[in-house]
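Contents: one structure, followed by commentary.
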Amino acid sequence: MNWSVWRTARVVASIFVLMTAAYYLVVAFDNITNPVNPNASNWPFVQGVLSGDGVPADSGFEWRFIDATWFQVISYIGIIAGETITGILLLIGGILGLRRSSTCPRWGRAQKWTFAGGTTGLLVFFFGFITVGGNWFIMYLNSKWNGMAPAFQNSVMTALMMIFVIGVLIGGHMAPEHERREE
């Protein structure tokens, strides 16, 4: 069995993908199993951000806030669905990455799952939390429900995972080992 530096890098990248998958799945699990705990769930957080609870009354953004429970519930379910889908896609990408680590082309084909999962994760945290929650619902001004730091952390973690996978994929394709047949 040939264990080149690039095969090792593919295994390491796949493990990084699996760790990121585990994070998303644990977050989704916590949100599903403990929805009313303000310290362990996004439900009170989503309600607070969407309703503007904690934003200064004279902010001028009051017209953006949504108190409709049905909208808050749909938003919360959407977040959980996004976290769950991200975790599952990354889990598939990580497992297939480990199983197909022997050659760069086989490993690369498995990474479509990683890219789909990473993109979904960025949709949840970068677009959903930072763009929509942070800037449309003015979460950055919210004294009670400011989740900008965790959203940024999750976005960076996801982006770094994808960048690492892309780097290993490009490096593996450019490496001399790619030109010869694997044993």
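Bear in mind these aren't lab numbers, they're just calculated from the coordinates by the rules spelled out. This one's a predicted model, so the numbers in the text were calculated from it and none came from an experiment. Note that we place each Cβ from the backbone using ideal geometry, even for glycine, and neighbour counts take in every protein chain shown.
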Of these, GLY60, GLY97, GLY82, which one is under 22 Å from the mean Cα position of the chain (by Cα) and under 27 Å from TYR140 (Cα atoms)? GLY82
Scope the stretch 96-127; condition within 30 Å of VAL46 (Cβ to Cβ) and buried (at least 18 other Cβ atoms within 10 Å of the Cβ); matching residues: TRP113, THR114, GLY117, GLY118, THR120, GLY121, LEU122, VAL124, PHE125, PHE126
On the basis of being in contact with a Gly (Cβ under 7 Å, 6 or more places away or on another chain), closer than 24 Å to PHE16 by Cα and of a type in the set (Gly, Ala, Ser), does GLY167 make the cut? no
Counting only residues in the stretch 128-172 that are of a type in the set (Phe, Trp, Tyr), touching a residue at least 12 places away in the same chain (Cβ under 8 Å) and part of a helix (DSSP H, G or I), the one surrounded by the fewest Cβ atoms within 10 Å (Cβ to Cβ) is identified as TRP136
Just to be sure, is THR8 over 17 Å from the mean Cα position of the chain (by Cα), without any contact (Cβ under 8 Å) to a residue 12 or more places away in the chain and closer than 20 Å to VAL124 by Cα? no
Selection from the stretch 112-127 of residues farther than 18 Å from GLY78 by Cβ and free of Cβ contacts under 8 Å to residues at least 24 places away in the same chain yields LYS112
Single match in ASN142, ASN135 (criterion: in contact with a Gly (Cβ under 6 Å, 6 or more places away or on another chain), of a type in the set (S, T, N, Q) and more than 17 Å from PHE16 (Cβ to Cβ)): ASN142
Just give me the residues in the stretch 49-88 being assigned to a loop (DSSP other than H, G, I, E, B) and of a type in the set (Gly, Ala, Ser), in sequence order. GLY52, GLY54, ALA57, SER59, GLY60, ALA68
Among the residues of the stretch 102-157, how many are β-branched (Val, Ile, Thr) and under 24 Å from GLY54 (Cα atoms)? 5
Leading residue by the ranking (farthest from VAL124 (Cα to Cα)) among those in the stretch 24-76 that are without any contact (Cβ under 8 Å) to a residue 24 or more places away in the chain, surrounded by 14 or more Cβ atoms within 10 Å (Cβ to Cβ) and among the hydroxyl-bearing types (Ser, Thr, Tyr): SER51
Only one of (1) over 15 Å from the mean Cα position of the chain (by Cα); (2) part of a helix (DSSP H, G or I); (3) closer than 30 Å to ALA175 by Cα is not met by PRO44, so which one is it? (3)
